[in-house]
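Each remark here refers to the structure printed beneath this line.
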Amino acid sequence: MEILAKADERALLWLNGWAGRWPWLDALAQTVASDYLVPVAMGLMLLALWFTGGTPWDRERRQRSVFTALAGLTMASWVVLELNKVLFRPRPFQTLDLTLLFYRPVDSSFPANPAAVVFAIAAGVWLKDRRSGTALAAVGALYSLSRVYVGVFYPSDVLGGAAIGVATALLSALVLRWLEPLPRLLLRVARAIFLA
Amino acid sequence: MTDFRLDYFLLVSAASFGILQWAFAYNRLEGLLLLPRRLSLLAGPALTVAAFAWFFLSTPRNVPDTAAGLDGNEQAALFAAGVGIALLAHLLLSSLSNWSMVGRQEHGGLEALRGANYVRTAMRRLGELWRSWQRQTNERSSG
């Protein structure tokens, strides 16, 4: 455990060690790490997925992936919220000498909520649409990496968050399968008003 | 609504509008296009990129939710509202600009909008439902 904690700290110090060297890289990382770029972009990707697809069958597959992603992200946020009630890890900038390029969040560092949410979306989509899911996971990985670079998370925080995101997406897929008449009904309603 | 919330709402609305235009053009839903298809394929993403550029370049945006920033719930609510407004505006504007596109309603769902505008297609569907309901009511009352 001690060795893992040391490796985690070393990885963070190595990555954050690049901060402050190149202003353009810092500005890029600050923008990618923002609360508003990747989350909004991922929401827009889900919107695009809903309305695209070569055939009605293909479109329905994508629309079902949007349901799984939304259920997964809701569940992931809830799991992180509950974990934060019993688990508190100080942010790395509170205990280490880092170059901080972000505001100072006050909630627990572990598990990383942003990573949980973006990986829940990516995994939810990946279950039905491999190509789009992989693209979303790549965006999620960049987002998580940028959060470590700017000094607000340890690598283990984002790995923990990502694991929660993937697990909740898988669970959401199962739950939606059990609730099967519901997604079908929602799609029928959306089709009746020409929005699916 | 504070400036930050309004800015976020405008970002989502404009970016969604661009994405919708691109998605409809990509899917060849001619009844939902505001511009010629090829132009829409470029103009949609351009509008989305411009919305992000305006949002991030106009003022620093790394603000915590304990200050002027948005918490997760506010973000989700404003995102849904922004997408909803963009979709509604898109459906209305495209229906006005493609008013002559009526098409034959052979398909249901989005497929019906390949050659027909949204408002007239929806109105026709509502008319069909109304006539069907009246017919059923008359059959029941006479039987």
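The values are calculated or read from the model by the stated rules, or taken from the named source; none is laboratory data. Keep in mind it's a predicted model, so treat the numbers as computed, not measured. Every residue, glycine among them, receives a Cβ derived from its backbone with ideal geometry; neighbour counts consider all protein chains shown. SASA here: full protein model, heavy atoms, side chains in, ligands and nucleic acids out. Shrake-Rupley method; radii C 1.70, N 1.55, O 1.52, S 1.80 Å.
Quickly run through segment B:5-24 and pick out the residues that are at the interface with chain A (Cβ under 10 Å from one of its Cβ atoms), open to solvent by 10 Å² or more (accessible area, probe 1.4 Å) and closer than 16 Å to B:LEU57 by Cα. If you could, list the steps in order and put the result at the bottom.
Start the filter on segment B:5-24 by keeping residues that are at the interface with chain A (Cβ under 10 Å from one of its Cβ atoms), which leaves B:7-8, B:11-12, B:15-16, B:18-20, B:22-24.
Then keep just the ones that are open to solvent by 10 Å² or more (accessible area, probe 1.4 Å); that gives B:7, B:19, B:22.
B:ASP7 - this is the single residue of segment B:5-24 that is at the interface with chain A (Cβ under 10 Å from one of its Cβ atoms), open to solvent by 10 Å² or more (accessible area, probe 1.4 Å) and closer than 16 Å to B:LEU57 by Cα.
Just the residues that are more than 28 Å from A:LEU127 (Cβ to Cβ) and open to solvent by less than 40 Å² (accessible area, probe 1.4 Å), please, taken from segment A:72-96. Correct list: A:ARG91, A:PRO92, A:PHE93, A:LEU96.
Does A:ALA123 fit the bill of being at pLDDT below 95 and small (Gly, Ala, Ser)? Judged against the criteria, A:ALA123 is not a match.
On the stretch given as segment B:1-55, residues that are out of contact with any helix residue (DSSP H, G or I) (no Cβ under 6 Å at 6 or more places or on another chain), farther than 16 Å from B:ALA77 by Cα and of a type in the set (Lys, Arg) total 2.
All of A:ALA33, A:ALA41 fail the test of being at the interface with chain B (Cβ under 9 Å from one of its Cβ atoms), within 21 Å of A:LEU159 (Cβ to Cβ) and open to solvent by less than 50 Å² (accessible area, probe 1.4 Å), apart from A:ALA33. Every listed requirement among (1) within 11 Å of chain A (Cβ to nearest Cβ); (2) touching a helix residue (DSSP H, G or I) at 6+ places or on another chain (Cβ under 8 Å); (3) over 19 Å from A:ALA48 (Cβ atoms) is met by B:ASN73 save one, (2). Filtering segment B:63-93 to residues that are outside any helix (DSSP H, G or I), open to solvent by less than 40 Å² (accessible area, probe 1.4 Å) and either in contact with a Leu (Cβ under 9 Å, 6 or more places away or on another chain) or free of Cβ contacts under 8 Å to residues at least 12 places away in the same chain (or both) leaves B:VAL63, B:PRO64, B:LEU70. Looking across segment B:118-130 at every residue that is closer than 18 Å to B:LEU88 by Cβ and either of a type in the set (Lys, Arg) or touching a Leu at 6+ places or on another chain (Cβ under 8 Å) (or both), the one that is least open to solvent (accessible area, probe 1.4 Å) is identified as B:THR121.
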